[in-house]
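Here is the structure we will look at, set down as structure tokens.
The values are calculated or read from the model by the stated rules, or taken from the named source; none is laboratory data. All figures in this text were calculated on a predicted structure; none of them were measured in a lab. Methodologically, a virtual Cβ is constructed for each residue, glycine included, from the backbone with ideal geometry; neighbour enumeration extends over all protein chains shown.
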Amino acid sequence: MNVVHERDADWFRGIYARHYQDVVRYGLRRLGGIAAAEELAQEVFLVAWRRRWEVPARTLPWLYGVGRRLLANHWRAERAAPPVLAAGEMPEVDRHDGIARLVDVRTALARLSDDDQEILRLVGWEQLSMSEAAQVVGCGTATAKVRLHRARRRLVALLREQPAAAPVRIGGTR
């Protein structure tokens, strides 16, 4: 029988309070719905609790890595790709509207490989440093930098293919 020590419970309450919203946002950006994102966060923190002796001091990248693997397992099991708007589902908007640019970026992003999407999201959306993003995807920092550079280049090329696309700057590295 496992005995839960108070320091374990305190540790867990601390990481939960610090990182729950970050993990929910991570899920929301990949799943599109709050209920699914919260369910993912619950699963991530369940894994953190079960593996509490293995969690590194830099907890958030580790939690994102758990979330990434849980999502990959889910999509494999469901034999479905991550949810993406199909071309016919794109809302009609004025090309000069900021929403149109967001739709353009999301459409181009959806055309990239899963690995390209993930490195761009980790650095751009989740605001992770290169070393943290590298930890999430399971590679070295130098490799992550190369992957990010190539993913950005491919994304910009896709954006340039779209009609009336305004120039886009895709974030910097930390």
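Set side by side, the residues 153, 101, 95 differ, and just one is modelled with pLDDT of 90 or more and either on the phi > 0 side of the Ramachandran plot or over 18 Å from the mean Cα position of the chain (by Cα) (or both), which is 153. Each residue in region 1-28 was checked for being modelled with pLDDT of 90 or more and either under 30 Å from residue 124 (Cβ atoms) or surrounded by fewer than 11 Cβ atoms within 10 Å (Cβ to Cβ) (or both), and 18 of them qualify.
Checking the structure you have, find out if any residue of region 80-92 is surrounded by 12 or more Cβ atoms within 10 Å (Cβ to Cβ) and modelled with pLDDT of 65 or more. No, that holds for no residue. Remark: pairs (first residue in region 38-50, farther than 9 Å from residue 27 by Cα and in the same structural domain as residue 63 (by TED's automatic domain parsing); second residue among the β-branched types (Val, Ile, Thr) and not in a helix (DSSP H, G or I); Cβ separation under 8 Å; 6+ apart in sequence or on different chains) = 48/55. For region 146-161, the set of residues classified as small (Gly, Ala, Ser) and surrounded by fewer than 18 Cβ atoms within 10 Å (Cβ to Cβ) consists of 157 only. Do any residues in region 119-145 that are crowded, with 16+ Cβ neighbours inside 10 Å have Cβ atoms under 9 Å from those of residues that are among the basic types (Lys, Arg) and in a loop (DSSP other than H, G, I, E, B), where the two are at least six apart or on different chains, and which pairs are they? From region 119-145, the pairs are 123/174; 128/174; 129/174; 130/174; 132/58; 132/174; 135/58.
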